[in-house]
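The values are calculated or read from the model by the stated rules, or taken from the named source; none is laboratory data. These numbers were taken from a predicted model, which means no experiment stands behind them. Cβ placement follows ideal geometry from the backbone for every residue including glycine, while neighbour counts extend to all protein chains displayed. We work out accessible area using only protein heavy atoms, side chains counted, and drop any ligands, DNA or RNA first. Shrake-Rupley method; radii C 1.70, N 1.55, O 1.52, S 1.80 Å.
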Amino acid sequence: MSEHHEHEHEHAHHREHDECCHEHEHEHHREHEHHHEHAHERCCEHGECHRHEHEDACGCGHHHGHSHGDACGCGHEHGGHEEGEKRTMLIRLIVGAVLFAGGMAAHFLHAPLWIELPVFLACYAVVAYDVVWNAIRGILRGNVFGEAFLMTVSSIGAFALGEYPEGAAVMLLYQFGEWLTDLALDRSQDSIRAILDIRPDTANVVRDGATETVSPAEVSIGETIVIRPGERVPLDGVILSGSSALDTRALTGESVPRMAHEGDTVLSGCIALDGVLSVRVEKTFGESTASKIIRLVEDAADRKMPAERFITRFSRYYTPAVVIAAVLLAVVPSLITGNWAVWIHRALTFLVISCPCALVISIPLAVFGGLGAASRAGVLIKGGNFLEALNRAHTVIYDKTGTLTEGSFSVRKVIPADGFTEEDVLQYAAAAESFSTHPIARSIIEAAGESDRAVSDVHAISGKGVTATVDGKPVAVGNAKLMDSLHLAVEAPETAGTLAFVAIDGRYAGCIVIADASKADSKRTVETLKTLGISRQIMLTGDAKAVGEAVAKELDLDGVSSELLPDQKLEAVEQLYETLPKGGTLLFVGDGINDAPVLARADVGVAMGGLGSDAAIEAADAIIPADNPAKLVDAIRIARKTHRITVQNIVFALGMKAIFLALGALGIANLWIAVFGDVGVMLLAVLNALRVLGKTKKEA
């Protein structure tokens with residue numbers, strides 16, 4: 001039809017090639033999974049809630065759930081307490097504190113031992129029974145060196161040495177610190193809980209003319225469901241009737257509601273605000289968008305960032321090492337000096353101080369908080385390892401269509417020839433194209449608006465364009481070849497985009513420039529990433545060279561490669577890897593369908609607006625449902641903040657441990673100071689980790 005039609009034909013060839021490549025997508029993804037070492041087993045189907053079993057980070061022998069479970073062998077599931085369990089622990093702490101106060105009163109009043117000792121033992125029994133039980137259970141399972149073991153040995157040892165107040169205080173203060181930590185961890189999980197709550201428990205399905213309330217899992221594809229104002233959409237589908245503003249914050253992080261009308265697709269997890277919708281179900285409950293998001297969030301906990309893997313490896317050697325050191329500290333000096341009580345007391349103090357709780361809890365907490373903060377900002381990241389890769393981003397590669405640009409053609413400019421107006425050119429061209437369903441033709445029709453011009457004798461000329469009679473005048477719309485066949489000279493402007501030339505009544509009337517507009521946030525995203533220190537931003541596109549270069553110039557990108565097929569994009573990425581500095585990572589941002597192989601190959605593949613696409617979720621490592629490139633900036637900022645906090649906690653916890661261990665070994669720190677040091681360091685590290693949930697500063 002016109003030059004843009006030829007160009008679209010070329011794109012169609014690209015898409016066919018890409019569909020062929022898409023058949024190999026899962027193979028690429030499996031290679032990618034191996035590359036990132038995040039293979040894992042799914043322990044449930046259809047998105048049902050489940051718990052993953054993580055490596056034992058401290059040798060305690062317990063499995064850790066999403067709440068990070070018993071991450072330090074103390075018997076607590078940090079952040080995972082039900083309300084009843086929290087109340088029970090609070091009551092235990094209050095009772096223990098009352099008993100401890102009574103014991104201290106008896107101690108200072110020099111009451112007989114038969115009065116003082118039972119009170120401290122009662123205090124110990126109330127607050128410590130679960131920790132002691134976990135220590136015993138760990139020993140029976142062959143996993144001795146956990147924090148429960150360290151706390152139990154040190155506290156019982158204090159009782160054996162006659163230090164009854166210290167023995168009871170060790171457990172009372174320790175349990176109080178754990179309770180405070182649980183409260184802090186609960187806050188970190190709020191954003192994750194919000195994500196996990198997006199899947200409704202019921203659906204209103206229409207059967208035999210009546211509406212039934214059933215579980216969404218019982219609704220089949222093709223059935224009709226009704227969503228009333230205030231209800232959450234339970235299943236993905238297409239609106240058959242009705243319209244409503246949709247709250248999409250749970251999916252996209254966007255606060256502005258989106259209007260949905262008949263024929264639009266709705267995704268599960270959205271909330272209908274002000275209208276009743278009748279929706280035909282397109283996906284089963286297990287494959288709905290809400291279920292996919294929940295699986296993404298749950299699976300993310302299995303993929304550890306380097307700091308978490310460091311803690312896991314560190315704890316395997318650290319805990320046995322400090323136990324051996326404590327034994328040596330108790331035995332060797334005692335054999336030399338003969339003062340067993342002093343050195344055993346120092347060894348017990350050394351054990352209390354050595355507990356690795358601050359590291360074991362705060363590092364996963366920071367990562368979990370980072371993933372939650374990213375989800376709240378509208379970016380779903382598949383694991384802590386990808387958070388770290390985002391932190392080390394050096395090169396960002398973009399697809400063009402649908403990523404940096406809107407992905408839809410629109411009239412950008414109308415250039416009339418002498419004797420014609422812009423309105424003449426656009427109106428006559430739109431009338432001639434009025435019977436076409438071609439995307440470019442539709443963009444001309446939409447730009448012209450409604451028209452009542454009489455159209456007849458429409459003829460499509462293959463490879464050239466279309467001719468018609470409009471209001472009794474012959475009109476031709478097409479490429480330069482069509483104009484040549486009409487013996488008309490054209491004036492081609494030097495501008496990027498597709499050109500549709502228009503002839504009216506045998507005279508050249510002008511041309512229409514049609515192009516894919518850049519997204520509103522694309523330029524700002526590129527500029528901001530430069531200020532964040534991203535070294536290279538490059539665009540790879542299958543579009544024409546002139547179009548690609550024009551977009552790259554408009555957005556001030558560092559480079560562009562155009563007219564690429566999907567396999568050529570993959571080759572271009574491989575070449576960029578060869579120039580990547582050691583430690584730097586490569587990010588690819590695409591639409592999640594056509595770019596699946598490249599998304600899988602990149603260190604972090606970011607799918608734009610890909611929630612409805614299985615290809616996006618399988619191949620990408622991060623998903624931006626809102627289809628907004630500025631979200632990439634948020635993701636990188638959150639990743640960097642998470643990295644800073646984890647490094648701070650590692651340095652702080654190890655540094656403080658080293659100081660207190662030295663003080664304990666030298667006899668300067670007693671059991672009281674040891675407990676305050678251990679619990680205090682843990683709480684400070686946890687509170688620091690919680691900063692990742694706060695508002696991230698604009699400057700990196």
(message) I'd like the distance between the alpha-carbon centres of the stretch 631-667 and the stretch 496-514, rounded to an integer number of Å.
(response) 64 Å
(request) With a 1.4 Å probe and every protein chain kept in, tell me what percent of the accessible surface of the stretch 444-489 is carbon plus sulfur. (result) 50 percent
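Applying 1/(1 + (r/R0)^6) with R0 = 45 Å to the Cβ-Cβ distance of residue 113 and residue 651, what FRET efficiency is obtained, to the nearest 0.05? Each step should come with its number before you reach the end.
Working: r = 45 Å, r/R0 = 1.01.
Calculated transfer efficiency: 0.50.
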(message) Quick check: pseudo-label points 7 Å beyond the Cα along Cα→Cβ at residue 160 and residue 280, how many nm apart are they?
(response) 7.6 nm
(message) Quick check: net charge around residue 575, other residues with Cβ under 14 Å of its Cβ, Lys/Arg +1 and Asp/Glu -1?
(response) -1
(message) Output needed: percent of Cα pairs per 10 Å distance bin for the stretch 373-451, bins running from 0 to the one holding the longest distance.
(response) 14, 28, 19, 13, 17, 8, 0
(request) For residue 410, put the label point 7 Å out on the Cα→Cβ axis and report which residues of the stretch 499-526 keep their amide N under 20 Å from it. (result) 499-500, 512-526
(message) Using a 1.4 Å probe on the protein heavy atoms, what percent of the accessible area of the stretch 336-427 belongs to carbon and sulfur?
(response) 53 percent
(message) Please give me the summed charge of the neighbours of residue 474: other residues whose Cβ is under 13 Å from its Cβ, Lys and Arg +1, Asp and Glu -1.
(response) -1
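If each residue of separation counts as 0.36 nm, what is the full-extension length gain between residue 457 and residue 259 once their alpha-carbon separation is subtracted? Could you put the intermediate results ahead of the total?
Values: separation 198, 0.36 × 198 = 71.28 nm, distance 3.96 nm.
Full-extension gain reported as 67.3 nm.
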(message) I'd like the distance separating the alpha-carbon centroids of the stretch 394-434 and the stretch 552-612, in whole Å.
(response) 26 Å
(request) Provide the per residue accessible area, probe 1.4 Å, for the stretch 431-493, rounded to a whole number of square angstrom. (result) 55 Å²
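Can you work out the accessible area per residue across the stretch 116-185, with the rest of the protein chains kept in place, probe 1.4 Å, in square angstrom?
Details: 2440 Å² over 70 residues.
Spelled out: the 1.4 Å probe surface of the stretch 116-185, per residue, equals 35 Å².
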(request) Taking 7 Å along the Cα-to-C-beta vector as the label spot, tell me the residue 527-residue 554 distance in nanometres, rounded to one decimal. (result) 1.6 nm
(message) Under a crude label model (7 Å from the Cα following the beta-carbon direction), how far is residue 571 from residue 336 in nanometres?
(response) 7.1 nm
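For the cross-link pairs 464/545; 86/641; 413/519; 382/641; 283/631, which exceed 29 Å when the distance is taken from alpha carbon to alpha carbon? Numbers along the way, then the final one.
Numbers: 464/545 21 Å; 86/641 31 Å; 413/519 17 Å; 382/641 17 Å; 283/631 27 Å.
Beyond 29 Å: 86/641.
First measure r as the distance between the Cβ atoms of residue 228 and residue 287, then evaluate 1/(1 + (r/R0)^6) with R0 = 30 Å and state the FRET efficiency to the nearest 0.05. If you can, show how the numbers build up before the last one.
Numbers: r = 24 Å, r/R0 = 0.80.
Approximately 0.80, to the nearest 0.05.
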